[in-house]
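Structure, as structure tokens:
No lab work stands behind these numbers, since they all come straight from the coordinates. Note that the structure is predicted; figures quoted are calculated from it, not measured. Heads up, the Cβs are rebuilt from the backbone with ideal geometry, glycines too, and the neighbour counts pull from every protein chain shown.
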Amino acid sequence: MTCDFLVIGSGIAGLSFAIRAAAHGSVIVITKGKALDSNTAWAQGGIASVLRPGFCDDGDSIELHVADTLDAGAGLCREDVVRSIIEEGAATIDDLTSYGVSFDKDDDHFALGKEGGHSKRRILHARDTTGLEIAESMVEVARRTPNLTLLEDHFTIDLITTGKLGVTTEDRVLGAYVLEKHTGEVKIFRSDRVLLATGGCGKVYLYTTNPDSATGDGVAMAWRAGASVANMEFIQFHPTCFYNPAATGAEARSFLVSEAVRGEGGILINGKGEDFTRKADPRGSLAPRDIVARAIDREIKKTGAPCVYLDVTHKPSGFMRERFPFIYEKLRSFGLDCEKQPIPVVPAAHYQCGGVLTDINGKTSIRGLYAIGEVACTGLHGANRLASNSLLEGNVIARRALDSIVHHYGVERNGDDAPEIPDWHHGDVTAPDELVVIYHNWDELRRLMWDYVSIVRTDNRLRRAGTRLRNLKKEVREFYWGHRVTADILELRNLVAVASLIVDCAIRRRESRGLHHTLDYPGLDERFLRDTVLRRF
Ligand code: SIN
């Protein structure tokens, strides 16, 4: 199969790009699950944007949003990138409403919410299912866009580049090997312009707010293809994941209670009812996430309690039902009435702030390969992402990536000089009879990342994690080459690769900054006021 633009991933970043690119050439969007299985669809809070004067919170401005983003990013944001993305906020909201996204309104104006680290109300939302509203609208538009084909249940195994084929010209992308999950067939998708929009890697940790699909596929593939990767040590832990020890399903274990709940007055308390976060930061429960997650971690370790609580019982009766109907009902289904009882919560892995290193247009170090959304490290988030900045980034960079491709490369295909791409060869063994090994490795990996590489780190823990990961990697590699590929093997292979990148980056940063906190180097160190960049070649 050949197309002008191959987009891998169907969240806001991938679809924003695809819908626009279809006006310039043929687009294929491939996604390993169903179109709505993206992190985007799970986003509860909303999208941060400074609206035009008269429509935003009193006194809000681009400057204030920039300042909040830089403050959260702890010195590592690229200010030019931050500014450009934030300046395009209002245009992004126009884009989304043109796709049919319906944000909540108070009278004629958009209703604006608040989240941690924001000095003003500037989060547009659709109650507490903003991501789903966006994802559903965009998938619908994508399905009726001429020139755009959306293929579900197609798992990208690896990118194909001239470098990987050993062709000694400038390293450029040629397409991808893709597993069609239903048939087990591996096909070649040829394209000179490949957009990685595969989201993040929350599943690398035992506890995460992410859907099962968040297995770091894009970072792992780009790394194997030779692209540079940066800042993977900065994994954001969301402070308030519902603590539900009796939970059985993945959904119950990973249920997020949006930061917007704290924005509307929810307060974090310990078992004695004390507002413990004030000791860490005067902004208390609404400080940036790294600070709040660490305060919870400390409180849990200090008291020995399994969780802390998010208290909204002081809000007027009916408030939660009205403003957060999804969260309210979901908690009810788990047996908790949050209008009457505080919600037990713990931090859980939420967002990957580093990723495939790109410029402000999503351009990676490999010609023709772009990365947009959570998979990318553009410089917006620095050492800690400001809440609700990511849907904004996904849309803005998608728009810029298309402009960059059209203006710099044109849209004609590279044509006849493209080298021959060899067919895919499976390993010998048809059915992985040792499937149990895969699941065991999967559990071991996620637990060791949780135990050794989570909110608080040490050199020793990181070294131990590195040693275990090397063994796991070896085992997974044997599996991968010996067996017919399946989605399970591919995801495990990607998770191990991404976990190793997180540890490699974390070991290099000998200071505590933003989301990377280590007991061995508890303070900031100016010598590390730079990105952690890993280069393959
Ligand atoms: C939330 O609703 O708390 C998540 C929003 C985000 O991560 O940006």
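List, in the order given, every pair from Lys34/Lys120; Lys164/Lys474; Lys114/Lys203 whose Cα-Cα distance in the structure shown is over 29 Å.
Pairs exceeding the cut-off: Lys34/Lys120.
Round to the nearest 10 and give me the degree value, 0 to 90, for the angle of helix 130-143's Cα axis relative to the longest principal axis of the chain.
30
Based on the alpha carbon coordinates of the chain, what radius of gyration and maximum Cα-Cα distance (Dmax) apply, in Å?
Final numbers for Rg and Dmax: 22.2, 71 Å.
Taking θ = phi - 60°, what integer Hz values does the Karplus form 6.51 cos²θ - 1.76 cosθ + 1.60 yield along region 306-311, in sequence order, with x for Gly and Pro?
x, 7, 10, 10, 9, 9
For Val406, Val27, what's the fewest-to-most ordering of other Cβ within 10 Å of each Cβ?
If I rank by nearby Cβ atoms, fewest first, I get Val406, Val27.
P(r) tail for region 95-213, what percent of Cα pairs lie past 16 Å?
Across region 95-213, Cα pairs with separations above 16 Å total 76 percent.
Give the long-range amide H neighbours of Thr532: residues separated by 5 or more places, or on another chain, with amide H under 5 Å away, using H modelled in the peptide plane at 1.01 Å from N.
For Thr532, whose amide H was placed from the backbone, the distant partners under 5 Å are Asn231.
Measuring from the lowest to the highest alpha carbon on each principal axis, how far does region 1-115 reach, largest first, in angstroms?
Ordered largest first, region 1-115 gives principal extents of 52, 39, 27 Å.
Using Cα atoms only, what is the angle between the long axis of helix 487-508 and the major principal axis of the chain, expressed in degrees (0 to 90) to the nearest 10?
The answer is roughly 70 degrees.
How large, in Å, is region 304-352 by the Kirkwood hydrodynamic radius built from its alpha-carbon pairs?
Every distinct Cα pair counted, the radius reaches 11.8 Å.
Å³ per residue of the Cα convex hull, for region 361-511?
Normalising the Cα hull of region 361-511 by residue number yields 160 Å³.
Across region 459-537, what fraction of all alpha-carbon pairs, as a whole percent, falls in each successive 5 Å bin from zero upward?
Pair shares across the bins are 3, 14, 21, 18, 16, 12, 8, 5, 3, 1.
Please state the Cα pair-distance histogram of region 279-323 with 5 angstrom bins from zero: what percent is in each bin?
Binned Cα distances yield the sequence 5, 19, 20, 19, 17, 14, 6, 0.
Can you quote the Å³ per residue value for the convex hull of the Cα atoms in region 142-261, rounded to an integer?
175
Per residue of region 190-203, what does 6.51 cos²θ - 1.76 cosθ + 1.60 with θ = phi - 60° give for ³J(HN,Hα)? Whole Hz please, x for Gly and Pro, Karplus curve as stated.
9, 6, 7, 10, 10, 10, 8, 9, 8, x, x, 9, x, 5
Regarding region 222-288, what whole-number volume in Å³ per residue does the convex hull of its Cα atoms give?
156
If you look at just the Cα atoms of region 230-361, how large are its Rg and its Dmax in Å?
Computed over the Cα atoms of region 230-361, radius of gyration and Dmax are 15.5, 49 Å.
Give the lysines whose C-alpha is closer than 19 Å to that of Lys340, dropping any in the same chain fewer than 8 places away, or say none.
Lys272, Lys315, Lys330
Amide H of Gly33 versus every other amide H placed in the peptide plane: which residues, excluding those fewer than 5 positions away on the same chain, fall under 5 Å?
When sequence neighbours closer than 5 places are left aside, the close amide H contacts are Asp153, His154.
Mean residue ellipticity at 222 nm from the helices of the chain, using -39,500 (n - 2.57) per DSSP H segment of n ≥ 4 over the full residue count, to the nearest 500 deg cm²/dmol?
Computed mean residue ellipticity for the chain: -10500 deg cm²/dmol.
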